[in-house]
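S.K.: One structure coming up, written as C-alpha cells, with questions to follow.
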Amino acid sequence: MSDTKKPVLEVKDLVVKFRVRKKELTAIRSASLDLYDGETLAIVGESGSGKTVLTKCITGMLESNGRIPSGSITFEGRNLLDIKTDKDWEAIRGAKIATVFQDPMTSLNPLKKIGIQISEVIEKHQKLPAADARGIALALMEKVGIKDAPKRFNDYPFQYSGGMRQRIVIAIALACKPRILICDEPTTALDVTIQAQILNLIRALQRDFGFTTIYITHDLGVVANVADRVAVMYAGQIVEYGTVREIFYDSRHPYTWALISSLPTLAKKDEALFAIPGTPPTLFNEIVGDAFAPRNRYALNIDFEEEPPFFQVSPTHFAKTWLLDPKAPPADPPEAVKLMRRKGKVQVEDRAEASK
C-alpha cells in the first residue's frame, strides 16, 4: 500500500488480542494502513470487524484486557505503542489526535455547563487563562453552528438537542487544533436530516482547520459523501483498500461486493433487500484461509486452505482475494456491482464531455 507522499500516520502489521472469559480473542489480525495529510479515510465494515478497536489503538484507549503483541503505529516519527502511561498520552490524545464518538451524551458531563466543558479542554492543553479560554470556546461554538453562543454557553447538555450536542462534541475535539480527527460513527444516533448537517459541518471544518479525518462507519452512503480513500475491514483485517472511486466503481473483493449489494439505493422495486448470508467467524479460533470464504459464493478451494496476499490493482488500490491471482477463473460480479461500474463509467464520460 504505497503512495508517493509520506504518511502522517502509519499502521503496520498491527495485531490486537483480548483476554475474554479465560480465552484469547484476536480482534485485529496484521492490519496495515497509511493516512495522508489533509485527506479523509473511511474505515468500513460490519459491526465487530475491528474498526473501532483499530482506532482505539491510535489514541491509546484500548481496554485493560487488551494487548498489542506486535506491529507499530507511527505518528510524527514516533511509535505510539511505546507510550505506556496516561500522562504521556496527554501530549497526543486530544492535543494532536482527537475523537468524536457516536453518542455525544457519553462524551459530555451532564452536571457541567456546556461552555465550561469546552473551556476546560482549552485551559488544560493550551495553558491559557480562563478568560481567554472562554473567548475561544465561544468562537468554537459559533463555528460549529450554535446560535446565541454567549447565552447557550451556560446551558447543560440536557438542554441541547442530539444534533447540537454532537456539534459541541466536535467543538471540544477541535479545541486543541488536532492534526487528526477520528469520527467514530458520528451520525448513528441522529435522524437523516441532522446526519447530513453534521457531515457537512465536519467537511467544512476540515477545510477551515486543515486536519486529517478518519471516519469509522458501516454506512456506505456516508463513505460516498465524505471519503477520499476507503479501507474495507472484515474479521480484524483490511481486505480492500483504495480511493473512494476505486472501491465503489472498481471493487474487487467479494466482501466489498456484498457491502455494495446491500445498499438500499440499488435495490429493485418489489424485491427483498440483499443480506450477506451467514455470520462473521469467531475470532477466538485461529482462522485458516480467507475469513470470508464460508459466506462467499465466489470462494475457491484455496480460500479454505490458505490466506490470500494483497494483490495490487493500481498504485492506490489493493485487494486481499485469490480472485485476483492470475491463475484464478474469471468471476462475474453481482448485478449491483455491475450497476455501480456502469454508473462510474457514465460519470467519467460525462466529465470528459463537459471538459471539451
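S.K.: Of all alpha-carbon pairs in segment 220-324, indicate the percentage at a distance above 17 angstrom. Intermediate values should be presented prior to the final figure.
M.R.: Details: 2999 of 5460 pairs.
That fraction is 55 percent.
S.K.: Run the helix sum for the chain: -39,500 (n - 2.57) per DSSP H stretch of 4+ residues, divided by residue count, reported at 222 nm to the nearest 500 deg cm²/dmol.
M.R.: On the way: 11 runs with 115 residues, N = 356.
The helix contribution divided over the chain gives -9500 deg cm²/dmol.
S.K.: I'd like the distance between the alpha-carbon centres of segment 233-306 and segment 61-137, rounded to an integer number of Å.
M.R.: That distance is 34 Å.
S.K.: Tell me the angle of helix 192-209 to the major Cα principal axis of the chain, expressed in degrees between 0 and 90 and rounded to the nearest ten.
M.R.: That works out to roughly 70 degrees.
S.K.: Follow-up. Show me, for segment 232-246, the HN-Hα J-couplings you get by feeding each phi into the Karplus relation (A = 6.51, B = -1.76, C = 1.60, θ = phi - 60°), rounded to Hz, glycine and proline as x.
M.R.: Rounded to whole hertz, the list is 9, 10, 8, 6, x, 10, 7, 9, 8, 8, x, 5, 4, 5, 5.
S.K.: Under the rule of at least 5 residues apart or a separate chain, name every residue whose amide H is placed under 5 Å from the amide H of Leu9.
M.R.: Hits under the 5 Å cutoff: Leu35.
S.K.: Hey, what do the phi angles of segment 120-126 turn into as Karplus ³J(HN,Hα) couplings, whole Hz, using 6.51/-1.76/1.60 and θ = phi - 60°, x for Gly and Pro?
M.R.: The phi angles translate into 4, 5, 5, 4, 5, 8, 9 Hz.
S.K.: Say the cut-off is 18 Å between C-alpha atoms; which of Lys87/Lys127; Lys56/Lys96; Lys17/Lys51; Lys6/Lys177 go over it?
M.R.: On the way: Lys87/Lys127 16 Å; Lys56/Lys96 14 Å; Lys17/Lys51 14 Å; Lys6/Lys177 21 Å.
Exceeds cut-off: Lys6/Lys177.
S.K.: Let me ask another. Could you name the aspartates and glutamates in cross-link range of Lys23, using Cα to Cα under 14 Å and dropping any fewer than eight places away on the same chain?
M.R.: Partners within reach: Glu286.
S.K.: Can I ask one more? How big is segment 100-175 by Rg and Dmax over its Cα atoms, in Å?
M.R.: 11.0, 31
S.K.: Two-decimal Rg/Rh of the chain from alpha-carbon positions, Kirkwood Rh?
M.R.: Details: Rg = 21.6 Å, Rh = 21.9 Å.
Using Cα coordinates only, the ratio equals 0.99.
S.K.: Tell me which residues come under 5 Å, amide H to amide H, from Ala27 once H is placed; ignore anything under 5 positions away on its chain.
M.R.: Amide H neighbours of Ala27, under 5 Å, 5+ apart: Val16, Lys17, Phe18.
S.K.: Using packing as a proxy for protection, rank 108-117, 135-144 so that the peptide with the highest average count of other Cβ atoms within 10 Å comes first.
M.R.: Details: 108-117: 16.2, 135-144: 19.1.
So the order, starting with the most tightly packed, is 135-144, 108-117.
S.K.: Long-range amide H contacts for Val100: which residues qualify at under 5 Å (H placed 1.01 Å from N, peptide plane, sequence gap of 5 or more or a different chain)?
M.R.: Sorted by chain and number, the residues that satisfy this are Ile182, Cys183, Asp184.
S.K.: Spelling out what I want: for every residue of segment 28-33, take phi, set θ = phi - 60°, compute 6.51 cos²θ - 1.76 cosθ + 1.60 (Karplus), and round to whole Hz; glycine and proline get x.
M.R.: 10, 10, 6, 8, 9, 7
Where a number appears in this text, it was derived from the coordinates with a stated rule and is not lab data. Since the structure is predicted, the reported quantities are computational estimates derived from the model, not experimental observations. Ideal geometry is used to build each Cβ from the backbone, glycine not excepted, and the neighbour counts take in all protein chains shown.
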